[in-house]
């Protein structure tokens, strides 16, 4: 059940920053009635979810912000797979919203986009990541996600709930 590759650890503050940035951009998309922004955020979340957080366009500014504010290293790092799973769920939510918008269900489409923006806002403000919590429940989607994105993964994560973070 363990992966041959080491588990990448990330700064949770960067994950929160990316959540805040995506929430702001999604709110701008709703106010401006600009689905193209939603497409960009969905692509950014999807790339990070499936290829790794090091490819997160939304998290890319975090190291610059951290240096500009002269912030030290985080108190602790977190495993990257729960945030990646959360980003995959966000991508699905935004894709549903875009499909509804394309189908003419404008209100329902923007509600789906706002739901993702709300969850991203909760992450940015409190550090609580619902998608990360869902990753640790014993159900088929996290195991399927692991098989899709983790080389050598055969089911559940190679780390236990002790590494689930403080979300």
I'm told residue 156 meets every condition in (1) part of a helix (DSSP H, G or I); (2) modelled with pLDDT under 95 except one. Can you identify the failing condition by its number? (1)
Wholly inside region 1-104, helices (runs of 4 or more DSSP H) that include 2 or more residues that are at pLDDT 90 or above are 12-32, 35-51, 81-102
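Just to check your reading of the model, which residue among 111, 65, 39 is under 14 Å from residue 14 (Cβ atoms), in contact with a helix residue (DSSP H, G or I) (Cβ under 9 Å, 6 or more places away or on another chain) and surrounded by fewer than 22 Cβ atoms within 10 Å (Cβ to Cβ)?
Of 111, 65, 39, the one residue that is under 14 Å from residue 14 (Cβ atoms), in contact with a helix residue (DSSP H, G or I) (Cβ under 9 Å, 6 or more places away or on another chain) and surrounded by fewer than 22 Cβ atoms within 10 Å (Cβ to Cβ) is 65.
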Looking only at residues in region 114-137 that are in contact (Cβ under 8 Å) with a residue 12 or more places away in the chain and part of a loop (DSSP other than H, G, I, E, B), which one is surrounded by the fewest Cβ atoms within 10 Å (Cβ to Cβ)? 128
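The values are calculated or read from the model by the stated rules, or taken from the named source; none is laboratory data. Every value quoted in this text rests on a predicted model; they were computed, and no experiment measured them. No Cβ is skipped: glycine too gets one built from the backbone with ideal geometry, and neighbour counts run over all protein chains shown.
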